[in-house]
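Chemist: Before I ask anything, here is the structure I am working with.
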């Protein structure tokens, strides 16, 4: 549900483990809603008493350190231990009774940007204790429940939607430079394509030579780009062909 505000909930107290971009962005955004931050714990700090005197402990370490951090915290039955990982299940938070996960579906490139984006009506993937949904609603977000056995596929889709798109635009930048152009010349094209997918669906939005089977143009492209760019280009062509063949997409 969108439009929820912290004023409709009792004040929630937080403690943050891991002061990276994601953790500090979330903590800052929650403080903006009226939550109280009761300390930030860094690498090497004693975590044993982290769950004392707070409603939620947010573990915002790298994924590989989540289980170790959770295990170092002495359980408090009333305190929720919550991680921000998109791929980890709730088992990483053993031995705590109240476990939760909250993963924001938005890039957080800096604390300043993240703090604003997290309150812009985004989607949060949640699991476990209801506190995860409560925090997502504090922030005015839409919460979707992701079961542990679905988290790897969910997170793969999230990475493709964000990390892989960024990497693809990096290739656009390199290939464009070989034609004497900057990335800015192609950003409106990319933005329009993404909007078309949102409006029409991927199949109906697909255009271009791979979709229409124009092998001559594809061969011309391959001859023009640097050898080190061919693997990425060929992968994109294969994905376009797969979409065109399986969905019978219109092309132009």
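What follows draws every value from the coordinates through simple rules; no lab data is involved. This structure is a prediction, so every number in the text was calculated from the model and none was measured. Methodologically, a virtual Cβ is constructed for each residue, glycine included, from the backbone with ideal geometry; neighbour enumeration extends over all protein chains shown.
Chemist: Any idea what angle helix 21-33 forms with the longest principal axis of the chain, computed on alpha-carbon atoms, 0 to 90 degrees, nearest 10?
Modeler: Value to nearest ten degrees: 60.
Chemist: Please give the length that would be gained between residue 192 and residue 48 if that part of the chain were fully extended, namely 0.36 nm times their separation in residues minus their C-alpha to C-alpha distance (nm, one decimal).
Modeler: 46.8 nm
Chemist: A further question on this structure: Report, to the nearest 10°, how far helix 215-224 tilts away from the longest principal axis of the Cα atoms in the chain, using its own Cα long axis and a range of 0 to 90°.
Modeler: Approximately 70 degrees, to the nearest 10.
Chemist: Sort segment 6-146 into rounded, prolate or oblate with this rule: let a ≥ b ≥ c be the square roots of the eigenvalues of the Cα gyration tensor; rounded if a/c is under 1.5, and if a/c is not under 1.5, prolate when a/b is larger than b/c, oblate otherwise.
Modeler: Here segment 6-146 falls in the rounded category.
Chemist: Hey, another quick one. Taking every DSSP beta bridge that has both residues in segment 6-146, what percent is antiparallel when rounded to the nearest 5?
Modeler: 20 percent
Chemist: Relative to the longest principal Cα axis of the chain, at what angle does helix 230-247 sit, 0 to 90 degrees, rounded to 10?
Modeler: 90 degrees
Chemist: Sticking with this structure for a sec: Could you let me know the centre-to-centre spacing of segment 185-218 and segment 98-154, using Cα atoms, in angstrom?
Modeler: About 30 Å separates the Cα centre of segment 185-218 from the one of segment 98-154.
Chemist: Another question, then. Return the percentage of antiparallel bridges among DSSP beta bridges fully within the chain, rounded to the nearest 5 %.
Modeler: Counting only bridges with both partners in the chain, antiparallel ones make up about 20 percent.
Chemist: Moving to a separate point now. I'd like to compare 193-204, 106-117: which one has the highest average count of other Cβ atoms within 10 Å, and what's the full order after that?
Modeler: 106-117, 193-204
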